[in-house]
Amino acid sequence: MITTCPCCGSTKFVSNTVLWDGLIKEWGLKKDEATYINRQQGYTCQGCETNLRSMMLAYAITQVYGMTFQDFLKSDIRILEINEAGHLNKYFKTMRNHTLVEYPEIDMMHLPHRANSFDLVVHSDTMEHISEPIKAAWPVAQPVFLSVKQGSMPLPRNILKKRSN
């Protein structure tokens, strides 16, 4: 479990239950699935209110770019955010080279950006709606594409996919 928030540096966290019994039953979740979602969405930094899912994405970014998250935010890295990436959107939108697009208003199979317009593409809960998700964002991103898919393991090795040249 994360002990220092990569977004704000806080070491104070709280664990909240985000799923209630009726919803767990309605969704047909197993106990381990409900536990996982409660941890992913309910383990929250008290400093910036970022949940574990978003903290792991921020951590992955620090690993890919070899800098602190705060330095990343001050960098000239060109980032395309497809749908708000949870609590990270408030950080991303402070970046000078940040672009936010929203699905379904944007056609993800035909993004209106030139090839290699972005250094990083981050999406949240969107790619499962299209037939060829990697093909959709790959042309505009070079070289990193971070996938924040609900239910995926929040570990950098599982969400990072580097483009091979």
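Scanning region 5-36 for residues that are polar (S, T, N, Q) and in a helix (DSSP H, G or I) yields a single hit, 35. Selection of region 1-51 for residues being surrounded by fewer than 14 Cβ atoms within 10 Å (Cβ to Cβ), in contact (Cβ under 8 Å) with a residue 12 or more places away in the chain and more than 20 Å from residue 92 (Cβ to Cβ) yields 1, 12, 14, 15, 16, 17, 46. Within the set 62, 44, the sole residue that is under 28 Å from residue 3 (Cβ atoms) and part of a strand (DSSP E or B) turns out to be 44. Within region 86-103, the set of residues being aliphatic (A, V, I, L, M) and outside any strand (DSSP E or B) comprises 88, 95.
Return the residue satisfying two criteria in turn: it lies in region 5-47 and is farther than 19 Å from residue 59 by Cβ and of a type in the set (Gly, Ala, Ser), and of such residues it is farthest from the chain's Cα centre (by Cα). Out of the qualifying residues, it is 22.
So that you can scan it fast, the table gives a plain yes or no per residue for (1) surrounded by 12 or more Cβ atoms within 10 Å (Cβ to Cβ); (2) assigned to a loop (DSSP other than H, G, I, E, B); (3) modelled with pLDDT of 75 or more; (4) touching a helix residue (DSSP H, G or I) at 6+ places or on another chain (Cβ under 6 Å):
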site	(1), (2), (3), (4)
105	no, yes, yes, no
114	no, yes, yes, no
119	yes, no, yes, no
122	yes, no, yes, no
128	no, no, no, no
131	no, yes, yes, no
138	yes, no, no, no
144	yes, no, no, yes
147	yes, no, no, yes
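Among residues that are touching a strand residue (DSSP E or B) at 6+ places or on another chain (Cβ under 8 Å), under 25 Å from residue 43 (Cβ atoms), at pLDDT 95 or above and among the aromatic types (Phe, Trp, Tyr), residue 92 is included.
The values are calculated or read from the model by the stated rules, or taken from the named source; none is laboratory data. Bear in mind the structure is a predicted one, so any value in this text is a computation, not a measurement. For neighbour counting, all protein chains shown are included, and Cβ atoms are generated from backbone atoms with ideal geometry for every residue, glycine included.
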